[in-house]
Structures are given as structure tokens and as C-alpha cells.
Protein chains: 4
Amino acid sequence: MTKLQKSIDKRNALIKATIELVNNNGFHATPMSKIAKMANVSPATIYLYFENKQDLVNQTYLEVKTKYTDFVFNTYDENTSIKTGFELIWKRIAEFNINECEYSFFLTQCNNTPIIDEPSRQEGIKHLQPLLDLWKRGKDEGVIKPISDYILYAYSINPISSLMMAQKLGQFQLTKANTEEAFLTAWDSIKL
Amino acid sequence: MTKLQKSIDKRNALIKATIELVNNNGFHATPMSKIAKMANVSPATIYLYFENKQDLVNQTYLEVKTKYTDFVFNTYDENTSIKTGFELIWKRIAEFNINECEYSFFLTQCNNTPIIDEPSRQEGIKHLQPLLDLWKRGKDEGVIKPISDYILYAYSINPISSLMMAQKLGQFQLTKANTEEAFLTAWDSIKL
Amino acid sequence: MTKLQKSIDKRNALIKATIELVNNNGFHATPMSKIAKMANVSPATIYLYFENKQDLVNQTYLEVKTKYTDFVFNTYDENTSIKTGFELIWKRIAEFNINECEYSFFLTQCNNTPIIDEPSRQEGIKHLQPLLDLWKRGKDEGVIKPISDYILYAYSINPISSLMMAQKLGQFQLTKANTEEAFLTAWDSIKL
Amino acid sequence: MTKLQKSIDKRNALIKATIELVNNNGFHATPMSKIAKMANVSPATIYLYFENKQDLVNQTYLEVKTKYTDFVFNTYDENTSIKTGFELIWKRIAEFNINECEYSFFLTQCNNTPIIDEPSRQEGIKHLQPLLDLWKRGKDEGVIKPISDYILYAYSINPISSLMMAQKLGQFQLTKANTEEAFLTAWDSIKL
DNA sequence: CATGAATGAGGATTCATTCAT
DNA sequence: TATGAATGAATCCTCATTCAT
């Protein structure tokens, strides 16, 4: 194994540990020492890869966000009907939320608390462009309601996170059937 | 002013300070000393009213949640059509989110992080019963989709919080017109 | 013992400990924990009395400097001959350096290293005014060499510190006879 | 360039960096990593040339002290009158303090704090022998006061450092004229 | 009830030093 | 010889909590 690979491994281990611990305890209840222990490095080593705790969380956020959007738009094809395109994206988002719930829970927590820098948050928003483009086209074609993207997003995308949270808390089970219902509900909410 | 009143005032001041500080800094970045200072009491005094920091936050959560449900169901009348009943509740929720955004932001933060005890969280859920009853009736009457309450909630209620968050971040403005669009979208998502 | 007295005692104990430890180990080799231990308080207690380590050393410096000048000019009388006045001041300085060598060594160390803030250093210089006034009169009367005060100071006052340092290192003993010789040497260097 | 030369260069770079950083920040506020960076070597490399941080400072001290005495006694000739001999030495010391103030400030700092080992300090004192010999002759001839060498040193040599410090702090300017006054003052203080 | 002073435990971060290469 | 990566042991400082008054 090369030196570079070992470095990357260590950085990844740190990010993984950060996600797990912040998910379970919150940012401020997650000491650097625990992150180090879980990643099998010395606390001092963290500072070779990250400037400080805030930087560690910011970078973790951006890394996870990138994984998220990469996955979400990976299968997306612009040349489809609005509904098909939306379904493609929505179901990938759902799949990510179900299969990578560690990641999606982390994102949710970051999005709803003041633990992330505003710059990093802004950086994370950019990635959704394809979905916004799709909605623009949908509005032009009279298929999607002519309302603010924020409303469209709040009603068709955010609920997936809510359901994921409910599942994490053991209140609810996201089955195949459930997911289909949820998708149709999302579509009902934004279609014209 | 009676002694009892003075006590209640102090307790209220502490809860108010907790909300403001947790909203701005997060739970663990909010020291007891700052809460005390903002409430104009000694740190030691907090422990006359609350067992410890966790208890303070739990009680704050329940208190705010109670304010929330009291407000939301205050004007509710069971003897209306499903849609009217839903609109009544939904708009009160929206009104609360807009006018008392300190409170609703606090609830959102609690709902999306591990800072609240599971027992307190469970306690907070109970209060929604009238809405669940309404949905049950709606499903029976064939007006509301026959799907899990969690999905209904995720699609028709949670988005209000999302929009409130967006507004708090300055990305979005909840106007009268906007709110009406949002309501119709909510209804579209759950109506059969 | 009153509460206030206990507070003052603690502050004094901290300053005493700071002097002793910095004298023996230097500023940066003196951890707050050791200062606390020697003063019989918890490390956290230091921060009730001082903002941080730098502030602790700055305040210690000023406190010692004040003790120094208070002592030095305590017996001074303006209405004497130049030589008598100078002798009065010089011998008090010598006495302080001999009897309170902890204090004078601390001052010397502060004066010769970058551990004291510039503002605190400036603050400490002010106190020497009576000596400067005496020299002014001496120059006017043609008794003192008409050269820079800095030179006068370097030759007549600073050597006392040097001798104190030598004594501390065990190389030299400041006896009565020695001190008299040193005084005459000082006078020879500045008298016209 | 030979391998040996490269080694010497590195050692010199390290010593130079040590002087500059200790002068500006003090011994303990000067991390090995910064010294390494300023000398353009790896931190690990320092340990090829020096046993540890203390050894690095000790050796730096001795090296500078050697430069100092080499310079000071370079032009010295034993076969002169006491006054001429003293003037020769004194003016070289002054010249060194003015032209190589980085070096002399470093020496002053070492001489007034506990950062140098006692052995190294002792080692550094030896070099002054020619001056002590001169004073011995002067006392025998009845030209120099029959008092302790420590007093002679404190009054005629140390003040140069004091003036250099004052100059470094920007309070005072060591001009030609000033220096001459200072020399005469030094001579007045020790001559019989 | 109310408090200011006090603190032990713990957290982020730094640093002298080592080690595999 | 030279190094960059790695680290354990501090170090400064904070904070939830207690206690004497």
C-alpha cells in the first residue's frame, strides 16, 4: 500500500468516525479524542488532515453532500418526460436515504442546526441544479405548478428526510410499497 | 407581585434564554453560565428549577411543544368537513411558524438532532391526536389517501418547517400568497 | 475572615506562585496547573481572577513594579542635595534588590524577554519620574553629566540588577561593603 | 559544494533560525517545527545535529558567545596602557552590540532567563579572561578600583547591553556621540 | 429561594520527539 | 543523511455542577 493510499485511508476513517459520532451524539458532544480513537489514530493526527474541528465537520459535510448528489444524479437523463425525470431523481434520493441512512441523517442534522459554516452550506446547495432545471422545464411545459422552487423542494424532496428520520427512530418502516406511495404523494404535490 | 409569580418569571426567563441561545449556537455550544446571564440569574439558580442541563432542555422542549399544540388546535372544530378542518389546523401551524419562528425553529432543531431524550420526544408526539383523528375520518370518508400517517405528516406538515428554515436562512419569504400556494400543495399531496 | 479578604488572599497567592515559578522555570515552562497547585486552588479558579495566562503575568508584573517603586521612593525627599537624593534612591533600590530578590529577579526577567505586553511595559516605566526629575535638577546645577537619561540609568541603576543576578547565580555576594563600593561606582559614573 | 559544507550550512541555518525566533518570541514560544521551517529543513533533521531542543539552544548560545568574544578580543593587544586596552575592548563590545544586535539581544535574553543550562553558562564566562587579566593589571598598577570584578563588569560592560535593549525597544538611539559618552561613563565608573 | 465563588473533569489544540522509508 | 508522517503527553482553557452563605 502506498503512502498516499494510507493517507487517504486515514482521512476517510476520520470522516467516517465523524459521521457516526455526530449522528449519535451531536457535534458538540463529539470530542476530537473519540473521533481519533474510533479512527485508530492519535488526536494529533487529525490536525494533519484538518485545520480544526469546524473544518473537519465542514469537509465531512461537503464530502457527504458530494456522495449524495453524485449518487442522485448518476442515472439521470435530461431527455425524458418531466415525470419520468422527476421519478428517476426522486427514487435515487429515496434509495440513498434508505441504503445510506448514516449519510442522509448526517446531512439532515447539518441542514437543521448551526454546526455548518454558511460558506460550506452554500457550497452544498449548488449541486441540485439538474433538479431545478427539470422543474423550470416542467413549469414551462405546464406540467409542474408555477410556484417557488423552495416550496416544490419542501414538499417533494424534504419529506423523504422526514420519513428517513421516522424510520431511524423506529416509528416507521420504509418498505417498497410505502416508498411508492410516498413517491406518488410527492408527485401529486408538485404536478399541475 | 407574589413570590410564586417571581418564581414563574424566573423559570420563564430561563426557558426563553435557552431557546434563544440554543437556536443561535446549538445545545452543546450553549453554556449554563450564558443561559443564567441572559436570564439575569445566578448559574446556581438554574438548578433550583431544573435538575440539570438535559432536564432544562427537555422541559423547554415540552413547554414549547405545548405552546405549539395549544395554539394549533385552539380554533379547531371537529364538526367540519375534512378539508375545512385540515385547512384550519394547517393554517394555524403556518401562522405559528411565521409569527413564533423562535419557537418553531427550536422545535425543528430538537426534532432533527439527538439533543432531546426519547421519552420527551414521545411525550411531544401525543399532542397531535386531533389531527390524526381528522385523517382517520378522512380516510374512512375516502377523502384522504389511505396511507401511513407518517407519510401524510411528512408531506403536509413538515414542509412548513422546511419553509420556515429557508426563510430563517434568508433564502425565501413566506408571504400571504406563498402560504396559500403552500397550503394547496399540502392538500394536493394528501387528498385522494 | 471576610469573603473579600479570602478573594484577595487567593489572588495574592496566585501572584506569589507565578513569581516563584516563572523565576525558576521561565514563563512558558510554567503551566497554569502548577501555579494553581502552588497557590492551593483549582486551575479553573485562576480564571476567576485573570483573563488568561498573559493577563496573569502582565498583572503580576505591574503589581511587582508597583511594590518596587513604592518602596524605592517611599523615603525620598526632594529637598536635598543631588548626591544625597540619589544616594537615598539608589540605596533603596539596592535594598529592594537584596531583600526582595524574588521580586527584582522577576522584574529583570520581564524586562529582558518578550513575555510582557508592550502596554504593560509602558505602564511600568512611568513610575520612575522622581529619579528623572532629580537628574534634570542635577544637570541644571552642573552636578550630573549632561547626557541621556538612558545612559545615566544604564550605568547607575541597571548594574544593581546585574549584581543581583550574579548573586542569585551564587557567583557573588552583596555585602554591606560591596554595596557601598557599588554605590560609589554608580555615583562616579554619573557625577560630573 | 561538498557534503560537509552542506551539513555546516544546515547547522548554521538552524542556529540562525533559532536566534531569530527566540529573539522575537522567547524560547518556549519557539516550536521546533517553526525553527525547522525557517531553516528549510524537516523537523526530524534538527535531531541529526542537536540532541534536543535544550541542546540546540545551548549550542546556539555558545556559538554566539564565541562569535562575540572572538570579535571583541580580535584587535586586542596586551601591551598597551590599561585605559587604551580597556577602550579597545569596550569599543569592540559596543560595536558588536550595535552591528550584531540580533546576536547581542540573544545573549542578553539567555543571560537573564533560566533557558540556558548552568554548564553552558559557565562555559560562556571563561572567554572573558583577557578583560579580567587587564583589570588585574589595572588594580595592581593602581589605575582601576580595587573592587570585585563582578562590580567592574556590572558597571562598565553590562550597561552596553542595557543601551542596546533600549535601542531595540525604540526608546533610544546609539549614535557615535552617544557611544563616546557611554564609554567615558564606563571609564569613570571603574578608574581609580 | 438565591447566589457568587469554587472546582474537577474534560475538550481542543500544540509540540518535542520518533520512526519508517 | 534526510524526511514527512505520526504521536503521546502536555497545556490552556471551559463548563456543568456544587456549596457556603
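The values are calculated or read from the model by the stated rules, or taken from the named source; none is laboratory data. Just so you know, these numbers come straight off a predicted model, no measurement behind them. Glycine gets a Cβ as well: all are built from the backbone with ideal geometry, and neighbour counts include every protein chain shown. Each accessible area value is taken on the protein alone, full model and side chains, heavy atoms only, with ligands, DNA and RNA left out. Shrake-Rupley method; radii C 1.70, N 1.55, O 1.52, S 1.80 Å.
Accessible area of chain A with a 1.4 Å probe: how many percent of it is carbon plus sulfur?
Carbon and sulfur atoms account for 53 percent of the accessible area of chain A.
Just need the relative contact order of chain D here, percent rounded to a whole number, with Cα pairs under 8 Å and 6+ apart.
The normalised contact order for chain D reaches 20 percent.
For segment B:53-190, what does the alpha-carbon gyration tensor say about shape, rounded, prolate or oblate, given a ≥ b ≥ c as the root eigenvalues, a/c under 1.5 as rounded, and a/b over b/c as prolate?
oblate
What are the GluC sites (Glu not before Pro) within segment D:64-154 that DSSP puts in a loop, where the Cβ has at most 12 other Cβ atoms within 10 Å?
Sparse-neighbourhood loop GluC sites (Glu not before Pro): D:78, D:141.
Restricting to DSSP H runs of at least four residues, report the calculated mean residue ellipticity at 222 nm for the protein assembly as shown, -39500 (n - 2.57) per run over all residues, nearest 500 deg cm²/dmol. Spell out each step's value before the answer.
Values: 44 runs with 567 residues, N = 768.
Calculated mean residue ellipticity at 222 nm is -23500 deg cm²/dmol.
If you take each beta carbon of peptide A:112-119 and count the beta carbons of other chains within 10 angstrom, what is the mean?
4
For label points placed 7 Å from Cα toward Cβ, what is the shortest-first list of nm distances from residue D:177 to its copies?
Between copies, matching label points for residue D:177 lie 4.3, 8.2, 10.4 nm apart.
To make sure I understand the rule: partners must be lysines, Cα under 21 Å from the Cα of residue A:10, and not fewer than 8 residues away in the same chain. Which ones qualify?
A:34, A:37, A:53, A:65, A:67
Would you mind computing, in nm to one decimal, how far apart the modelled labels at residue B:143 and residue A:76 are, each placed 7 Å from Cα along Cα→Cβ?
So the two model labels end up 3.8 nm from each other.
Could you tell me which helices of chain C pass both thresholds, a Cα extent of 24 Å or more along their own axis and a mean Kyte-Doolittle hydropathy of at least -0.5, with helices taken as whole DSSP H runs? Could you put the intermediate results ahead of the total?
Numbers: long enough: C:3-25 (33 Å, -0.58); C:53-74 (31 Å, -0.69); C:82-99 (25 Å, 0.05).
Qualifying helices, which must be both long enough and hydrophobic enough, are C:82-99.
Checking the cross-link filter: which aspartates and glutamates have an alpha carbon closer than 17 Å to that of residue D:191, excluding same-chain neighbours under 8 positions apart?
Excluding near neighbours in sequence, the set is C:180, C:181, C:188, D:87, D:133, D:140, D:141, D:149, D:180, D:181.
Net charge near residue B:136, counting Lys/Arg +1 and Asp/Glu -1 over other residues with Cβ under 13 Å of its Cβ?
-2
Roughly how much of residue A:70 is accessible, in Å² to the nearest 10, using a 1.4 Å probe?
100
Roll a 1.4 Å probe over the protein heavy atoms and report the accessible area of residue C:101 in Å², nearest 10.
Only protein atoms counted, so the area is about 50 Å².
Count, for each residue of B:143-154, the Cβ atoms from other chains sitting within 10 Å of its Cβ, then give me the mean as a whole number.
Partner-chain Cβ atoms within 10 Å, mean over residues of B:143-154: 6.
Give me the accessible area buried between chains A and B, both sides summed, with a 1.4 Å probe, in Å² rounded to the nearest 100. Working shown, then result.
On the way: alone 10600 and 10610 Å², together 17930 Å².
Looking at A and B, the buried total is near 3300 Å².
For segment B:53-190, what does the accessible surface come to per residue with a 1.4 Å probe? Please give it in Å².
With all protein chains present, segment B:53-190 gives 41 Å² per residue.
What does the structure give for A:156-168 when I average, per residue, the other chain Cβ atoms found within 10 Å of the residue Cβ?
That works out to 5 on average.
Suppose you put the label 7 Å out from Cα in the Cβ direction; list, shortest first and in nm with one decimal, how far residue B:75 is from each other copy's label.
Inter-copy label distances (nm, one decimal, shortest first): 4.5, 8.9, 9.8.
Dipole size in debye (nearest 20) for segment B:14-143 around its Cα centre, Lys and Arg Cβ +1, Asp and Glu Cβ -1? Walk me through the intermediate numbers first.
Values: 14 positive and 17 negative charges, 53 e Å.
Using Cβ point charges on Lys, Arg, Asp and Glu, segment B:14-143 gives about 260 debye.
If you put a point 7 Å past Cα along the Cβ direction, how far is that point for residue C:192 from the same point in each other copy, in nm, smallest first?
Spelled out, the distances from residue C:192's label point are 2.8, 10.4, 11.6 nm.
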